[in-house]
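Heads up: the structure comes next, in structure tokens.
The values are calculated or read from the model by the stated rules, or taken from the named source; none is laboratory data. Quick caveat, the model's predicted, so the values are computed rather than measured. Neighbour counts are summed over all protein chains in view; Cβ atoms, including those assigned to glycine, are modelled from backbone coordinates with ideal geometry.
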Amino acid sequence: MFDFLRWIHHKRDVPPGTLLYAGEEKNFVPFLRVHSYDTNNLDSRTADALDQDSLPSGRVNFVHVVGVHHPEMIRTIGTQLGFPTLALEDVMNMGQRAKLAWLDDDTGFVVMKNVQMADHRLESRQVSLFWRNGLVVVFTEEDDGLLDGILARLGKGKGKLRSTGSAYLVAAILDALVDRHLAALGELGELSEKLEASLLEETTDDNLGQLYEIKRETILLRNILMPVQDIFKALLREDAETPEEALPYLRDVAEHSAQSVEGTFALHDILKSMIDYQISMIGIRTNKVMQFLTVIATLFIPLTFIAGVYGMNFQNMPELQWRYGYFLALGLMGAVGVIMLVYFVRKKLL
């Protein structure tokens, strides 16, 4: 999850614009899925390279590049479509912070994270998105199912996806990413609720360890989501190049994104409160133990005093020669102990 730190050394002493893959090693050959559609038709195919002749004008051309670990392939696609090298460098840097850039008056570029929970741990995969009128290009690290819902809607031939331009497709992709953000936040929230119920019953080392892990994943998710706010603010600015027909949908997605960010802050505060509660409970239990030990020690102070007095063994101590002196001393100790014990119980010190 520490991709923003893990891949920094890969870019050391490398000039800007160098296409160098900085990410986890992949063992598959990158490929493309090309979809061209209009209101009445949808053509889809899988290819090893981009053929510009397969991108007809008058349609929305949706290109999904699966795998960004092959520099020459990324360079070739960028050259064919006119994407700048600096943007392609960000595509191949898996530690890239979420960002929006307008490459020219017609071309937008977004980098975001696709997140999901696996075995109670947050996993993130980078998604890079280029768009211009009639063209949308998505780069993903692997085929993770992010676009399955969008492709299913395109295949049905109904709804706004088929009847509107590329701007609505961009909004749909951003919406799919934000939905993944909300799903991850929801799962962290469910884990927190279960853990809270368990902690209220009993504090164990395992529970405290899980509490730390959930808080850690929440912080990482928050760091991923916070820059996304800037993306939507830039897209919705009055001077942005965002098409007017896409603005209502982008505003809706922006609200969901804001909700996810607010949720991470709220969950973080709740987890912090749970930690504070556990620390307080541990302190209370420790104080109770110390209180009990203090009461026991206090009970024995007068008993020790009595035993010490009659243990001095002077010749002129009458009780030492008395037949019932031993029993008197024991009785006195017992009486003092009982009186003090009753007092402590009434004062709720025991």
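Does the stretch 83-142 hold any residues that are of a type in the set (K, R) and farther than 25 Å from R222 by Cβ, and which are they?
Quick first cut of the stretch 83-142, residues of a type in the set (K, R) only: 97, 99, 113, 121, 125, 132.
Within the stretch 83-142, R132 is the sole residue that qualifies.
Between E196, E238, E245, E217, the distinction of being at pLDDT below 90, touching a helix residue (DSSP H, G or I) at 6+ places or on another chain (Cβ under 9 Å), of a type in the set (D, E, K, R) and within 30 Å of V110 (Cα to Cα) belongs to E245 only.
Scanning the stretch 71-101 for residues that are part of a loop (DSSP other than H, G, I, E, B) and more than 22 Å from V178 (Cβ to Cβ) yields a total of 3.
Residues in the stretch 30-47 that are in a loop (DSSP other than H, G, I, E, B) and either surrounded by 12 or more Cβ atoms within 10 Å (Cβ to Cβ) or at pLDDT 90 or above (or both): P30, D38. Only one of the listed residues (M281, M312, M317) is in contact (Cβ under 8 Å) with a residue 40 or more places away in the chain and of a type outside the set (K, R). That residue is M281. Looking at A167, A183, just one residue is in contact with a Pro (Cβ under 6 Å, 6 or more places away or on another chain) and in contact (Cβ under 8 Å) with a residue 60 or more places away in the chain, and that residue is A167.
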